[in-house]
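The values are calculated or read from the model by the stated rules, or taken from the named source; none is laboratory data. Quantities reported herein were computed from a predicted structural model and do not represent experimental measurements. Note that we place each Cβ from the backbone using ideal geometry, even for glycine, and neighbour counts take in every protein chain shown. Remember, those area values only see protein heavy atoms, side chains included, never the ligands or the DNA or RNA. Shrake-Rupley method; radii C 1.70, N 1.55, O 1.52, S 1.80 Å.
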Amino acid sequence: MVLDMTIRTVRFLFEKDFRGTVKKVVVVVALLIAFRHTLAWQLGDIWRASANLSETLYTKYYVLFGSDVFNVGVWGMFAATTLAFWAVALVFLIVDVTGRPTFIKKYKVQPEENDPIPTDKLLKCLAVVLYNQFVIGLSFLYVLHHLFRRRGCSFDPGDLPTFKRFLLEALVFLIIEEIGFYYGHRLLHHPTLYKHFHKIHHEWTAPIAAVTIYCHPLEHVLANLIPAMMGPLVMGSHFAVMLLWGVSAQTTAMIHHCGYHLPLMSSPEAHDFHHLKFNQNFGVLGILDRLHGTDTLFRNSKQQYRHFLLLSLTPLTTLVPDNP
């Protein structure tokens, strides 16, 4: 396996499109170096301007939960992530169930699916989601809180991180989540485990936003919660950073499951393709999929050409039509 991985990595490094990507990265890095002082000053100025607002908002949040570290870390995190989940899920559920506003239909990734959504299938999904949130998620947060306390993570509103520290931690979070989710997710696709655990999530070949945590409880812990929260735990992050990361990671995952490729929204094409084909696109960023060759079908599909940030109101089915 190690030899196979090495060969794939070497091939990857010498592929034409990868060399082109490297050239682009070199140009961007050169520009960043050239303007590093100006860029650092501008970003630092923005961070300083927002620091007071961030501290004020977090202080209000801290006081709202009684300025008690346990309440903030467990009930506060639970309230923030749960409210954020349903705020996004309900918006897409209204669209999916009512079909309104009708213009959004043209942005569907799989236009012929979930129109309408079977009621029994939807109710089952919502029941599992609520169980994973209120039983599994809350239990996980209780354990996570104690791990954070043992790690020495700060909850103090006056101890928010610097801009450079925040960027460093965000980068580490992304890397750890990509590794944890890719290998955990791919392991769940092993035939022995798939039929007992992961099969439930793949009942939806055309996912909707709520399906993000429609899964076996063990999968929810191993593939969803641990990869997302391991980064803040490893870095000993401030709780405010973990809170922001938790909500943003969850929202991104929901967008990748929502079934709509809307303008200015992160592309759901790759993960939607995973639900459609089962054995493609196991990761979040796509880096490990490329190295392991688990995106071959995707890279030769129309969805690959639609996998970008849509900056136009014209739907991708028009910009990149199906092949004749």
Scan around Y260 for amide H atoms under 5 Å from its own, H built in the peptide plane at 1.01 Å from N, and keep only partners 5 or more places away or cross-chain. V109
With Rh as the Kirkwood radius over Cα pairs, region 184-247 has Rg/Rh of 1.06
Evaluate the distance, in nm, between pseudo-label points positioned 7 Å from the Cα of K60 and of T192 along their respective Cα→Cβ axes. 5.3
Size of charge dipole - region 68-147 - debye, nearest 20, with Cβ of Lys, Arg +1 and Asp, Glu -1, no other charges: 200
Virtual spin-label span in nm between S67 and L264, 7 Å along Cα→Cβ: 3.9
Just by accessible area at a 1.4 angstrom probe, what is the order of V88, V129 from largest to smallest? V88, V129
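For region 248-311, what is the accessible area per residue in Å², given a 1.4 Å probe and the full set of protein chains?
Per residue, region 248-311 has 40 Å² of solvent-accessible surface.
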Taking a ≥ b ≥ c as the square roots of the eigenvalues of the Cα gyration tensor, with a/c under 1.5 meaning rounded and otherwise prolate when a/b exceeds b/c and oblate if not, region 42-166 is oblate
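Work out the length of the dipole vector of region 195-291 about its Cα centre, built from +1 on the beta-carbon of each Lys and Arg and -1 on the beta-carbon of each Asp and Glu, and round it to the nearest 20 debye.
Using Cβ point charges on Lys, Arg, Asp and Glu, region 195-291 gives about 140 debye.
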From the backbone phi of region 164-175, what are the Karplus-calculated ³J(HN,Hα) couplings (6.51 cos²θ - 1.76 cosθ + 1.60, θ = phi - 60°) in whole Hz, Gly and Pro given as x? 4, 5, 4, 5, 4, 5, 4, 5, 5, 4, 4, 5
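Taking R0 as 25 Å, what's the FRET efficiency between D156 and T252 from their Cβ-Cβ distance, rounded to 0.05? Write out the running numbers ahead of the final one.
On the way: r = 28 Å, r/R0 = 1.11.
The pair D156/T252 has a calculated efficiency of 0.35.
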For region 58-208, the accessible surface attributable to carbon and sulfur atoms (probe 1.4 angstrom, ligands and nucleic acids excluded) amounts in percent to 67
Note: A84 to I287 extended length (0.36 nm per residue) minus current alpha-carbon separation gives 70.3 nm
For region 93-148, with the dipole built from +1 on Lys and Arg beta-carbon atoms and -1 on Asp and Glu ones, taken about the Cα centre, which of V97, L144, L130 lies farthest toward the positive end? V97
